Amino acid sequence: AGADGPEGPAVATDGPITGAQVAVPTPDPVRSVQYHLDVIEAEALWPVGTGRGSVIAVIDSGVRETHVDFSGRLLPGACFLGAGGNPCAEPGQGPSPLHPHGTHVAGIAAAGAGDGRGVVGVAPAAEVLPVRVLDENNSGFLSDLAAGVLHALQADLDGDGLTPDVDVINLSIQSQSSNAVVAGAIEQAIAAGVPVVASAGNLAGVGNPTVFPAAEPGVIGVGSIGPGVGGFTRAPTSSFGPWVDLVAPGVDIWSAGLDNDSDVSLRSGTSMSAPQVSGAVAALLGADPTLTVEQVTGLLRTSASDLGPVGPGPEYGA
């Protein structure tokens, strides 16, 4: 599959994947245009949890290590590029230039708040574990995606010999085919108590095929909405079907950019919607780490605003 428009990665079959209260003493300069935070009422969650104590694994195209929005909260990254799930030739973010997609996704979930710099994330105190599986063209292989999920699940981040240390896995990636190895890795994560959130896909206009990994059992699939007549409606490109559990804004979303250490950028797609949910999950688990995957998913569904026809449906989920 090729690139999926402004959002970024698409995943093909084993071919290429393309794809506690917080004080805010100094307003972040881009917060006023981050309308998605108002729509999902992100800041109303902060008295309950800001993500402190939680780790979000962003399995994507890598994250700019020196960006001010992640200061002190970006964990040592890992990289799998080139098929076969083998580590990159160089440690950390990998040998090739980064694509901006991963930095943007991470910023939506966990950019810092109240520091007068950049943008604001849904869980501004969460830590981020960047796992790179997409190259400078925002493409890669499903075998690398599976390796990335397993790495996130098995990484001993605090050195106590016990895993998992990640609290939620974000997959802003899409494929038109289910892959047994990826599905198995996701199954392991969910069985270990780690929620997996995935973008629902941007293929509504090209036959609206079922999209994976969002459609894998237990995954929280997130579609995209944007401003429409009479309120927010499904974005025209946002894939829809029974794999959509929730929706979040995904049109013209401001987040961290790649060009410099304080860069911000504008992107659209379900890739931008998924990390809003991952941030909410991190905030919930930071407040109560005993919550199970099923309890987290239930809280998200029961607290969601009901769009479209009454009750859950294929365009908006819950």
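The values are calculated or read from the model by the stated rules, or taken from the named source; none is laboratory data. Keep in mind the model is a prediction, meaning the values are calculated, not measured. In this analysis, Cβ positions are derived from the backbone assuming ideal geometry, glycine residues included, and neighbour counts consider all displayed protein chains. SASA here: full protein model, heavy atoms, side chains in, ligands and nucleic acids out. Shrake-Rupley method; radii C 1.70, N 1.55, O 1.52, S 1.80 Å.
The single condition among (1) closer than 17 Å to G279 by Cα; (2) in a loop (DSSP other than H, G, I, E, B) that A198 does not satisfy is (2). If you go through segment 75-89 and pick out every residue that is at pLDDT 90 or above and either on the phi > 0 side of the Ramachandran plot or touching a Lys or Arg at 6+ places or on another chain (Cβ under 9 Å) (or both), you end up with 5.
Every condition in (1) modelled with pLDDT of 65 or more; (2) in contact with a Leu (Cβ under 7 Å, 6 or more places away or on another chain); (3) within 26 Å of P195 (Cβ to Cβ) holds for I17 except the one numbered (1).
Inside segment 124-154, residues that are assigned to a loop (DSSP other than H, G, I, E, B) and either out of contact with any strand residue (DSSP E or B) (no Cβ under 7 Å at 6 or more places or on another chain) or basic (K, R) (or both) make up a count of 6. In segment 90-130, which residues are within 19 Å of A198 (Cα to Cα) and modelled with pLDDT under 90? Those that are within 19 Å of A198 (Cα to Cα) and modelled with pLDDT under 90: none in segment 90-130. Of the candidates V251, V264, the single residue that is under 16 Å from the mean Cα position of the chain (by Cα) and among the β-branched types (V, I, T) is V251.
Between L171, L162, the distinction of being surrounded by fewer than 24 Cβ atoms within 10 Å (Cβ to Cβ), closer than 24 Å to L291 by Cα and modelled with pLDDT of 95 or more belongs to L162 only. Can you tell me how many residues in segment 55-84 are acidic (D, E) and not in a loop (DSSP other than H, G, I, E, B)? Number satisfying all stated conditions: 2. The criterion of at least 2 residues that are open to solvent by less than 20 Å² (accessible area, probe 1.4 Å) and more than 23 Å from I186 (Cβ to Cβ) is met, among strands (runs of 3 or more DSSP E) falling completely within segment 209-318, by 220-228, 253-256.
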